[in-house]
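> Input: one structure, supplied below.
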Amino acid sequence: MLVMVPPGGNPATYEPKPRQMASLSKCKLYFTIGVPFESAWLSRFLSAHPRILIRPVYTGIERVPMESTAYQPFTVKRSAMDPHIWLSPPLAILQARNVLEGLLQTDPKYKDMYEANFKKLTSNIVDLDLKIRDLFANADGKNRFMVYHPAWGYFARTYGLRQIAIEREGKKPRPKDLQSLIQFAKESGFKHLFVQPQVSTQVPQVIAKAIGAQIIILDPLAPDWDQNLLRAAKNIKKALR
């Protein structure tokens, strides 16, 4: 298995290494999820290796624009589709189904193993989903948490929450928007600001200082997916306003 954006890499800016590009020649199947990295590089991969089968893991999932998954106290034009579907356990099951179908298509001799692993994975995801639902059993769609990058929209929609995002269209807010955001955050009483490790904390630190909030790292790309989601859920619950 070849991972084109390694742990710690930013899927919006990462550039593959020559060794990764060369390793693609051995690949039969490439799973896509809709991150900016793919928009920049996928056509180049196919040009060099036209026999690779492309399988989007978001097939059958209703994706929505980024601004639809995050409330922002300023005007935002229509943006790209939110790719962060893996942060919602029910959507992760659909992704796993797409992976299974891709593997069965390209490597059918291991059908029994793939299906057994899918069944086990699905069971584990259902258990995780139930644990998180229990944490947010009283959520009514009005409970809010503040993030810098709007990665947690599908998670919020799944569990009846609302994420308040600072970043818009992948860019830091303009000065006039920043002032509106700070005022909004003060009035709302936010005491926690979630930031992912792949982005600069310069702007979040300014906002956190202005509103008296604590910065907490919330990594949407952590490799320990299930434990990370459970940790994130517990941290988000503490931060709800």
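The values are calculated or read from the model by the stated rules, or taken from the named source; none is laboratory data. Just so it is clear, the model here is predicted, and its values are computed rather than measured. Every residue, glycine as well, gets a Cβ built from its backbone with ideal geometry; the counts of neighbours run over all protein chains shown.
> Looking at the range 120-133, can you tell me whether even one residue there is touching a strand residue (DSSP E or B) at 6+ places or on another chain (Cβ under 9 Å) and either closer than 26 Å to VAL64 by Cα or at pLDDT 95 or above (or both)?
The first filter runs over the range 120-133 and keeps only residues touching a strand residue (DSSP E or B) at 6+ places or on another chain (Cβ under 9 Å), leaving none.
No, because not a single residue in the range 120-133 is touching a strand residue (DSSP E or B) at 6+ places or on another chain (Cβ under 9 Å) and either closer than 26 Å to VAL64 by Cα or at pLDDT 95 or above (or both).
> Let me confirm something: among ALA96, ALA92, ALA116, which residue is among the small types (Gly, Ala, Ser), more than 18 Å from LEU221 (Cβ to Cβ) and at pLDDT 90 or above? Before you say what the answer is, go through the steps one by one.
Numbers: ALA96 fails: more than 18 Å from LEU221 (Cβ to Cβ); ALA92 fails: more than 18 Å from LEU221 (Cβ to Cβ).
That would be ALA116, the only listed residue that is among the small types (Gly, Ala, Ser), more than 18 Å from LEU221 (Cβ to Cβ) and at pLDDT 90 or above.
> Check LYS191, LYS238, LYS171 and return the single one that is under 23 Å from VAL5 (Cα atoms) and of a type outside the set (A, V, I, L, M, F, W, C).
On the way: LYS191 fails: under 23 Å from VAL5 (Cα atoms); LYS238 fails: under 23 Å from VAL5 (Cα atoms).
Residue meeting the stated conditions: LYS171.
> Turning to a different aspect of this structure: Tally the residues that are part of a strand (DSSP E or B) and without any contact (Cβ under 8 Å) to a residue 40 or more places away in the chain, restricting the search to the range 149-202.
Keep residues of the range 149-202 that are part of a strand (DSSP E or B), which gives 161-165, 168, 171, 192-195.
From what is left, the residues that are without any contact (Cβ under 8 Å) to a residue 40 or more places away in the chain are 171.
Matching residues across the range 149-202 total 1.
> If you don't mind, another one. Only residues in the range 121-135 that are within 14 Å of ARG231 (Cα to Cα) and in the same structural domain as ASP224 (by TED's automatic domain parsing) count as the first member; pair them with residues that are at pLDDT 95 or above and among the acidic types (Asp, Glu), Cβ under 7 angstrom, at least 6 apart or cross-chain, and list the lot.
LEU128/ASP226
Residues checked against (1) in contact (Cβ under 8 Å) with a residue 40 or more places away in the chain; (2) surrounded by fewer than 15 Cβ atoms within 10 Å (Cβ to Cβ):
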| residue | (1), (2) |
| --- | --- |
| PRO18 | no, yes |
| SER25 | no, yes |
| LYS28 | yes, yes |
| SER39 | no, yes |
| PRO56 | yes, no |
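> Report yes if some residue within the range 96-112 is touching a strand residue (DSSP E or B) at 6+ places or on another chain (Cβ under 8 Å), within 22 Å of PRO11 (Cα to Cα), surrounded by 15 or more Cβ atoms within 10 Å (Cβ to Cβ) and not basic (Lys, Arg); otherwise report no.
yes
> With the condition kept exactly as written, say whether any residue in the range 169-190 is within 27 Å of ALA92 (Cβ to Cβ) and crowded, with 16+ Cβ neighbours inside 10 Å. Can you show your working first?
Step one: of the range 169-190, the residues within 27 Å of ALA92 (Cβ to Cβ) are 169-170.
Next, only the ones that are crowded, with 16+ Cβ neighbours inside 10 Å stay: none.
For the range 169-190, residues within 27 Å of ALA92 (Cβ to Cβ) and crowded, with 16+ Cβ neighbours inside 10 Å: absent.
> Within the range 77-87, is even one residue out of contact with any Pro (no Cβ under 9 Å at 6 or more places or on another chain), outside any helix (DSSP H, G or I) and modelled with pLDDT under 95?
Pass one, the range 77-87, residues out of contact with any Pro (no Cβ under 9 Å at 6 or more places or on another chain): 77, 85.
Right, trim to outside any helix (DSSP H, G or I) and you get 77.
Next cut, modelled with pLDDT under 95 only: 77.
Looking for residues that are out of contact with any Pro (no Cβ under 9 Å at 6 or more places or on another chain), outside any helix (DSSP H, G or I) and modelled with pLDDT under 95, one finds at least one in the range 77-87, hence yes.
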